[in-house]
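The values are calculated or read from the model by the stated rules, or taken from the named source; none is laboratory data. All figures in this text were calculated on a predicted structure; none of them were measured in a lab. For neighbour counting, all protein chains shown are included, and Cβ atoms are generated from backbone atoms with ideal geometry for every residue, glycine included. With ligands, DNA and RNA removed, areas are computed over all heavy atoms of the protein, side chains included. Shrake-Rupley method; radii C 1.70, N 1.55, O 1.52, S 1.80 Å.
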Amino acid sequence: MSKHTRRRLRRHIGGRIGWWRGKLNEERFFSAFNLEVENFEKPLWFKKIRRGTPGEDNRGIDFVIETYTKPERIFIQIKSSQRGKCKFWKKHLSSDFEFPLIVLVLDVYCRECGKVRRLFFETIKTTVGLD
């Protein structure tokens, strides 16, 4: 196998692993808010969470948080690393979005549902101002 073929194969496998890691992180985030077993105290502004539609997903939106206050919707993009977050912001200009978009990094240390929710609510508080 040539050097070029090995490099291409490594990149292909690495891309699939990254895609799979991203999907697992998205599921972890979604399940942190939708587990019937776990009762957690929702803020008064929190209405519901839903997955992004295919059109929203193409624009970089994984989840939509609906609220009882303004803004009525907060859009979430989940990333596995700070590097992924930086790449996302290089690809998508902040001026492309007319709404609050939060890029949330769920790294290997943020696996428990409670930690995921705490990170999310702290980020909302600092970026959007909802408490």
For this session: Give the number of residues within segment 50-62 that are under 12 Å from the mean Cα position of the chain (by Cα) and either of a type in the set (Gly, Ala, Ser) or closer than 17 Å to residue 122 by Cα (or both).
Result: 2
Exercise. Does residue 103 meet the test of being among the β-branched types (Val, Ile, Thr) and more than 20 Å from residue 21 (Cα to Cα)?
Worked result: no
Problem set entry | Close pairs (6 angstrom Cβ cut-off, 6 or more residues apart or separate chains): among the charged types (D, E, K, R) in segment 70-94, open to solvent by less than 100 Å² (accessible area, probe 1.4 Å) and assigned to a helix (DSSP H, G or I) anywhere | 79/85
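Per-residue answers, yes or no, for (1) part of a helix (DSSP H, G or I); (2) open to solvent by 100 Å² or more (accessible area, probe 1.4 Å); (3) modelled with pLDDT under 90:
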residue	(1), (2), (3)
4	yes, yes, yes
15	yes, no, yes
18	yes, no, yes
23	yes, no, yes
29	yes, no, yes
32	yes, no, yes
64	no, no, no
Exercise. Is it true that residue 70 is exposed (fewer than 14 other Cβ atoms within 10 Å of the Cβ), of a type outside the set (Val, Ile, Thr) and part of a helix (DSSP H, G or I)?
Worked result: no
Exercise. Do we have residue 78 as under 18 Å from residue 27 (Cβ atoms), in a strand (DSSP E or B) and open to solvent by less than 40 Å² (accessible area, probe 1.4 Å) here?
Worked result: yes
Problem set entry | Count of residues meeting criterion [modelled with pLDDT of 85 or more and buried (at least 17 other Cβ atoms within 10 Å of the Cβ)] in segment 107-118 | 2
Exercise. Looking at (1) buried (at least 16 other Cβ atoms within 10 Å of the Cβ); (2) at pLDDT 85 or above, which is the only condition residue 53 fails?
Worked result: (1)
For this session: Name the residue, out of 46, 63, 40, that is within 18 Å of residue 119 (Cα to Cα), among the aromatic types (Phe, Trp, Tyr) and free of Cβ contacts under 8 Å to residues at least 24 places away in the same chain.
Result: 46
